[in-house]
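Asker: Here it is, the structure in full.
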Ligand SMILES: *Cc1c(COP(=O)(O)O)cnc(C)c1O
């Protein structure tokens, strides 16, 4: 495994784009994250609360921790003190809990709404309409310790690049449509889309954050 070279080739493809690289470290041992840190990389994505907490405790404190996996309401409290951003918000109920825990920690937690764009049967994510209902709702105004910064989505896992492109394009259009909602706790700037196998398409379609794991850890 040559982490440095693998990351460099990804970074070469992100030059002249607004794209931030989130290195997905889920399932990787702490030593891998320490190696990344030694190379100067500090933006890590994890999908399980317990793993994120363990790694947070073991590693330097200037790392940006991105929660990218489905988040259960009863686990928000464990990551609320330190998480940098939550990509996977899929309900008003979860937002309310994030706000409550953020408040306890005297901070504001940035959040993205996870939008369901794939043709696959996945359990998580909002429709564009549900996302709009959240942004327009009166309850949202009460949440002063969150900030909704944009959307996250995953395309269908397929070799059909046209389909993937269409799905990312639809997420971009949803993003632009939702941008009209602007309050103290909504500021739409981020489109989190693109993984190892489809990030080049995502970048073309306007991604601002790619979440890449396996490509970086491959030998
Ligand atoms: C695992 C995962 C990724 C990274 O996937 P790779 O194919 O390893 O790049 C990105 N986003 C989410 C939500 C994930 O769960």
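Readers should treat all values here as calculations from the given coordinates under stated rules, not as data from a laboratory. Being a predicted model, the structure only gives us computed values, none of them experimental. Here Cβ is always computed from backbone atoms with ideal geometry, including for glycine, and neighbour counts include all displayed protein chains.
Asker: In nm, what is the difference between 0.36 nm times the number of residues separating residue 182 and residue 138 and their Cα-Cα distance? Let's see the in-between values first.
Answerer: Values: separation 44, 0.36 × 44 = 15.84 nm, distance 1.31 nm.
In short, 14.5 nm is gained.
Asker: Give the peptides 188-194, 173-179 in descending order of average Cβ contacts within 10 Å, highest first. Mind showing how you got there, number by number?
Answerer: Details: 188-194: 23.9, 173-179: 17.1.
Packing order, densest peptide first, comes out as 188-194, 173-179.
Asker: Expressed as a whole percent, how much of the Cα-Cα distance distribution for the stretch 80-123 exceeds 11 Å? Kindly include the intermediate steps, with their values, before the conclusion.
Answerer: Numbers: 636 of 946 pairs.
Cα-Cα pairs in the stretch 80-123 separated by more than 11 Å: 67 percent.
Asker: Turning to a different aspect of this structure: Short version: what are the Cα gyration tensor semi-axes of the stretch 107-219, square root of 5 times each eigenvalue, largest first, in whole Å? If you can, show how the numbers build up before the last one.
Answerer: Working: eigenvalues 140, 47, 29 Å².
Taking √(5λ) for each Cα gyration eigenvalue gives 26, 15, 12 Å.
Asker: Next question, about the same structure. Between the stretch 54-87 and the stretch 1-42, how far is it from one alpha carbon centroid to the other, in angstrom?
Answerer: One Cα centre to the other: 18 Å.
Asker: Indicate the gyration tensor shape class of the stretch 58-142 (rounded, prolate or oblate), computed on the Cα atoms with a ≥ b ≥ c the square roots of the eigenvalues: a/c under 1.5 is rounded; otherwise a/b larger than b/c is prolate and the rest oblate.
Answerer: oblate
Asker: Also, I was wondering about something else. Could you sort the peptides 148-154, 133-139 by per-residue average Cβ neighbour count (10 Å cutoff), highest mean leading? Please report the intermediate quantities before stating the final value.
Answerer: Working: 148-154: 25.0, 133-139: 13.4.
Order by mean packing, descending: 148-154, 133-139.
Asker: Would you mind computing the Rg to Rh ratio of the stretch 6-75 from its alpha-carbon coordinates, Kirkwood style for Rh? Show your work: numbers first, answer last.
Answerer: On the way: Rg = 12.9 Å, Rh = 13.0 Å.
That ratio is 0.99, to two decimals.
Asker: I'd like the Kirkwood hydrodynamic radius of the stretch 47-87, using the inverse of the mean 1/r over distinct C-alpha pairs, in Å.
Answerer: Working: mean 1/r = 0.0975 Å⁻¹.
Hydrodynamic radius (Kirkwood, Cα pairs) of the stretch 47-87 is 10.3 Å.
Asker: Moving on to the next point. Sorted by mean Cβ packing within 10 Å, highest first, what order do the peptides 30-38, 75-83 take?
Answerer: Working: 30-38: 15.3, 75-83: 19.0.
Put in order of decreasing packing, that is 75-83, 30-38.
Asker: Write down the radius of gyration of the stretch 1-139 and its Dmax, each obtained from C-alpha positions, in Å.
Answerer: For the stretch 1-139, the Cα-based Rg and Dmax read 16.3, 50 Å.
Asker: Moving to a separate point now. Relative contact order for the stretch 77-135 using alpha-carbon pairs under 8 Å, separation at least 6, rounded to a whole percent? Each step should come with its number before you reach the end.
Answerer: Details: 66 pairs, mean separation 21.1, N = 59.
Over the stretch 77-135, the number comes to 36 percent.
Asker: Hey, what number do you get for the chain at 222 nm if only DSSP H runs of n ≥ 4 count, each worth -39500 (n - 2.57), divided across all residues, to the nearest 500?
Answerer: On the way: 10 runs with 89 residues, N = 219.
It lands at -11500 deg cm²/dmol.
Asker: Per residue Cα convex hull volume for the stretch 139-203, in cubic angstrom?
Answerer: Details: hull volume 5.8 nm³, N = 65.
Taking only Cα atoms, the stretch 139-203 has a hull volume of 89 Å³ per residue.
Asker: May I pose another question? From Cα pairs below 8 angstrom and at least 6 apart in sequence, can you work out the relative contact order of the chain, rounded to a whole percent? Walk me through the numbers before you get to the answer.
Answerer: Working: 399 pairs, mean separation 46.4, N = 219.
Normalised by residue count, the contact order of the chain is 21 percent.
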